[in-house]
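The values are calculated or read from the model by the stated rules, or taken from the named source; none is laboratory data. Computed from a prediction, not measured in an experiment: that's the story for all the values here. With ideal geometry, Cβ positions are generated from the backbone for all residues, glycine too; neighbour counts draw on all protein chains shown.
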Amino acid sequence: MGKATVIPFGPQHPVLPEPLHLDLVVEDEKVIEAIPQIGFVHRGLEKLVETRDYNQFIYVAERICGICAMGHSLGYAETVESLMGVEVPKRAQYLRVIWHELSRIHSHLLWLGLAADAFGFESMFMHCWRLRERVLDIFEKTTGGRVILSVVKVGGVVRDIDDAQMAEVIATLDGIVDDYTKIMNTLLTDASVKNRTVDVGYISHDEALALSMVGPFARASAVGYDVRSFGRGAYGDLSDFQPITDDGGDCFARVKVRCLEVLQSIEIVKELAAKIPVGDIEVAVKGAPAAGAQASNVLEQPRGECYYYARGNGTKNLERMRMRTPTSQNLAGMTKALAGCDLADVNMIILTIDPCISCTER
Amino acid sequence: MGSFKLGGMTFGSLFKKPETVLYPVVTKTAPAGLKGHIVNDASLCILCGICQKTCPCHAIEVDKKARTWAIDPFRCVQCGSCARACPKACLAMEPTYTPVAAVQAVTVVEVPDPKAAAE
Amino acid sequence: MARFSQEFTPLAADAIHEDAAARKADGWRYVQTLAVNTEDGIDLIYSYMRDGLLENRIVKALPPHATVPSVTDEFLAAFVFENEIHDLFGISFEGLAIDFGGNFYRVAQPEPMTIISPELKAAREKAAKLAAAKAAKAERAEKAGEAQAEFLAAHPEAKAAGTGAGKVLKPSDDEAVEAKLAGMDPEKVARVRAAIAAKAKKAAEAEQAAKDAELEAKLAAMDPEKAAKVRAAMEAKAARAAAAGAKEGE
């Protein structure tokens, strides 16, 4: 009978992209339970709606998280447009989705690098981030910023991508696919990777539903929920979109789902770039949201479903803006996955929910 | 020892061009539209103050009496909304980043009075 | 493929837990819980989704520091939001599965989202003033409209004057006139507006006469053949305008 020790994990840890603290109750190298603690990056951004009007707040929403910056600005803009009844032109919708899918590619490449680093595969980490640099170069050429894009505004987008730039984007993505396929092959077939990820942090399909998990974390447990399949905006013009699911339920399945999602996003960008209509990229938005008007919105960010809620009060400042990010939903799932695992697997399991704690805490 | 799956890619990278550039000997050309810093063309500025109202960071200060337009480049987040809101198109985003400095300083631009110039 | 739709429906505070239990049994997925600090109290919004329908249940106007049953026994994922709401808004939840007891977010001031900053107060006052002014204007417009209809029924010639000038009588946006008219008797208001319309019509006719005179002067100066052609064209245009006017009158 071992003695239970409490090992504090985080908030600073090489494997964590953002600060998260866990109290691991450990007995002889086996984790009995894990109690999460967040709050290290709480900046109170939701209260800033009182001092920034609805046009200025989009820049605050973007900076909630560096990895999901495009997702938050897009979700915020869509929610305010729904609140004020603004219809965004088709070309702007296409451009937004193209940038959002590129953001998904960069986020998953970042994650694959971190996941490889979590079990010591540093050269894979370097390769993934090398390919990610090419996507960041695309962002720099088309939007002017590498991480914080500032390209979405309420009513449309701020910049256009002309045909020459679009061809360059597609060429860059084609250049990534070759090297990426080799990397993916390594991650999914190599024996040492399998040793560290198969049967680690198993969550069954029923548990995934009970814990209300979202995103690739849930899709790896055969929960086929993806907001993109509702077909809103430019997603509705895709010829065939099926969410990628896997019924493994363990860390290996989550790695596989994210790997395949990168390829799916590259296909989506190519399809939309070929179909993009000619037209305006923005529509003028005047006035302010009506008092008491409310709107909610969901968006599939790289980490899962993100819920937005806005309420107006008749002035240019919103009464309330709420962003519920996918990681806050997945914390319960993470706590469950950590119970009963080996201490050495804690890194991998925490990373497989793709924790974006800055988003969780705002 | 298992198969060296990344062998092909690793061997090939001995001969391919490296992904990195030899900075600072070689610098990357900034793409057009890079969000670097805001400049104001004083000859077109009318000191209306719309940029000050639009800025989400309160980085711009317009003093109509003293005829100065000031921006704090260290508060600016390079969003570009001032350049888009300007009615006279005198604000522009230059593709060079604000250089690193030991002290945060505000950039002040004196806007000449068109009436005084006409006399 | 399910289509996305959203709804906002009210919920009573004592029904929170049984609603959650019913939805869990029915296969609904829990989405989130949020709180809004309003002037009347704190609103809680629970969201659930099934088959593309996002249902937001709103519990309106809870008193500050209220206690509400937790849904974490049905949906464990709610513990994050309930702890957050407790730290930021002050609502307590009974029966939290993982209870941080107010230490989830270690904030500098307790319940920071309920603190009304001076900017928020100013914004709310401005919104209230705007709403009051709008309501008053709408009321005045309705009253003036009723009075005018009455007046026109009694005085048919006023109507002719109105349509002849092509102007429609509606409450003007001129604030000074509005202020004066607001204080007057509604029937008098209608008479005053009819007078304004008649005056405007006379001014328009005078303008037209001046234009005609100018045109005649030009024609006299031109080549006689050309002048005849121009006159013919003008007459044709006038005939068409008259026909159109007659059609509109029908």
Q. Does A:Phe119 fit the bill of being away from chain B (no Cβ under 11 Å) and touching an Asp or Glu at 6+ places or on another chain (Cβ under 8 Å)?
A. no
Q: Would you mind telling me which numbered condition in (1) farther than 22 Å from A:Met70 by Cβ; (2) touching a His at 6+ places or on another chain (Cβ under 6 Å) A:Thr181 fails?
A: (2)
Q: Report yes if C:Gly27 is closer than 22 Å to A:Ala332 by Cα and at the interface with chain A (Cβ under 10 Å from one of its Cβ atoms), otherwise no.
A: yes
Q) Could we say that B:Cys55 is surrounded by 16 or more Cβ atoms within 10 Å (Cβ to Cβ) and at pLDDT 90 or above here? A) yes
Q. Based on what the data block shows, is C:Leu152 at the interface with another protein chain (Cβ under 10 Å from one of its Cβ atoms), assigned to a helix (DSSP H, G or I), at pLDDT below 75 and over 17 Å from the mean Cα position of the chain (by Cα)?
A. no
Q) Among the residues of segment A:320-330, is there at least one that is touching a residue at least 40 places away in the same chain (Cβ under 8 Å), at the interface with another protein chain (Cβ under 8 Å from one of its Cβ atoms) and surrounded by fewer than 24 Cβ atoms within 10 Å (Cβ to Cβ)? A) yes
**Q.** Restricting segment A:150-170 to residues that are more than 10 Å from chain B (Cβ to nearest Cβ) and in contact with a strand residue (DSSP E or B) (Cβ under 9 Å, 6 or more places away or on another chain), the residue that is nearest to A:Asp117 (Cα to Cα)
**A.** A:Val157
Q. So which of C:Leu62, C:Leu54, C:Leu96 ends up being of a type outside the set (D, E, K, R), surrounded by fewer than 22 Cβ atoms within 10 Å (Cβ to Cβ) and closer than 16 Å to C:Arg29 by Cα?
A. C:Leu54
Q: Output yes when any residue across segment C:108-128 is at pLDDT 75 or above, touching a Ser or Thr at 6+ places or on another chain (Cβ under 9 Å), more than 30 Å from A:Ala293 (Cα to Cα) and in a loop (DSSP other than H, G, I, E, B), and no when none is.
A: no
Q: Considering (1) surrounded by 21 or more Cβ atoms within 10 Å (Cβ to Cβ); (2) in contact with a Gly (Cβ under 9 Å, 6 or more places away or on another chain), say which one A:Val86 fails and leave the rest.
A: (1)
Q) Can you name the number of the only condition in (1) more than 23 Å from C:Gly101 (Cβ to Cβ); (2) without any contact (Cβ under 8 Å) to a residue 24 or more places away in the chain that C:Pro63 fails? A) (1)
Q: Could you tell me which residue of segment C:29-44 is farthest from C:Ile91 (Cα to Cα), considering only residues that are touching a residue at least 24 places away in the same chain (Cβ under 8 Å) and among the aliphatic types (A, V, I, L, M)?
A: C:Leu34
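Okay, residues lined up against (1) over 27 Å from A:Asn185 (Cα atoms); (2) surrounded by fewer than 21 Cβ atoms within 10 Å (Cβ to Cβ):
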{"position": "A:Phe241", "(1), (2)": "no, yes"}
{"position": "A:Lys270", "(1), (2)": "no, yes"}
{"position": "A:Pro277", "(1), (2)": "yes, yes"}
{"position": "A:Ala293", "(1), (2)": "yes, yes"}
{"position": "A:Asn297", "(1), (2)": "yes, no"}
{"position": "A:Gly304", "(1), (2)": "no, no"}
(Q) It is to be established whether one or more residues within segment A:139-146 are more than 30 Å from A:Asn195 (Cβ to Cβ) and within 17 Å of the chain's Cα centre (by Cα). (A) yes
Q. Within segment C:72-85, can one find any residue that is buried (at least 19 other Cβ atoms within 10 Å of the Cβ), more than 8 Å from chain A (Cβ to nearest Cβ) and touching a Gly at 6+ places or on another chain (Cβ under 8 Å)?
A. yes
Q) Filtering segment C:104-133 down to residues that are within 13 Å of C:Gly90 (Cβ to Cβ) and more than 7 Å from chain A (Cβ to nearest Cβ), which residue is surrounded by the fewest Cβ atoms within 10 Å (Cβ to Cβ)? A) C:Gln109
Q: Take segment A:280-324 and flag every residue that is among the hydroxyl-bearing types (Ser, Thr, Tyr) and either part of a strand (DSSP E or B) or at pLDDT 90 or above (or both).
A: A:Ser296, A:Tyr307, A:Tyr308, A:Tyr309
Q) Looking only at residues in segment A:161-180 that are among the charged types (D, E, K, R) and surrounded by fewer than 17 Cβ atoms within 10 Å (Cβ to Cβ), which one is farthest from A:Gly144 (Cα to Cα)? A) A:Asp178
Q) What are the pairs, 6+ residues apart or on separate chains, where a residue within segment A:171-191 that is more than 9 Å from chain B (Cβ to nearest Cβ) has its Cβ under 9 Å from a residue that is among the acidic types (Asp, Glu)? A) A:Thr172/A:Asp137
Q.
Of all residues being within 14 Å of chain B (Cβ to nearest Cβ) and charged (D, E, K, R) in segment A:34-61, which is surrounded by the fewest Cβ atoms within 10 Å (Cβ to Cβ)? Just the residue, please.
A. A:Asp53
Q) Hey, any hits in segment C:15-29 for a residue that's assigned to a strand (DSSP E or B), β-branched (Val, Ile, Thr) and crowded, with 17+ Cβ neighbours inside 10 Å? A) no
(Q) Need the failing condition index for A:Arg43 against (1) assigned to a loop (DSSP other than H, G, I, E, B); (2) within 21 Å of the chain's Cα centre (by Cα); (3) modelled with pLDDT of 90 or more, just the number. (A) (3)
Q.
Just to be sure I understand, how many residues within segment A:28-63 are in contact with a Leu (Cβ under 6 Å, 6 or more places away or on another chain) and among the acidic types (Asp, Glu)?
A. 2
Q) If A:Thr142 satisfies every condition in (1) within 13 Å of another protein chain (Cβ to nearest Cβ); (2) surrounded by fewer than 24 Cβ atoms within 10 Å (Cβ to Cβ); (3) assigned to a helix (DSSP H, G or I) but one, which is the exception? A) (2)
Q: Please find, among A:Ser73, A:Ser123, the residue that is small (Gly, Ala, Ser) and buried (at least 24 other Cβ atoms within 10 Å of the Cβ).
A: A:Ser73
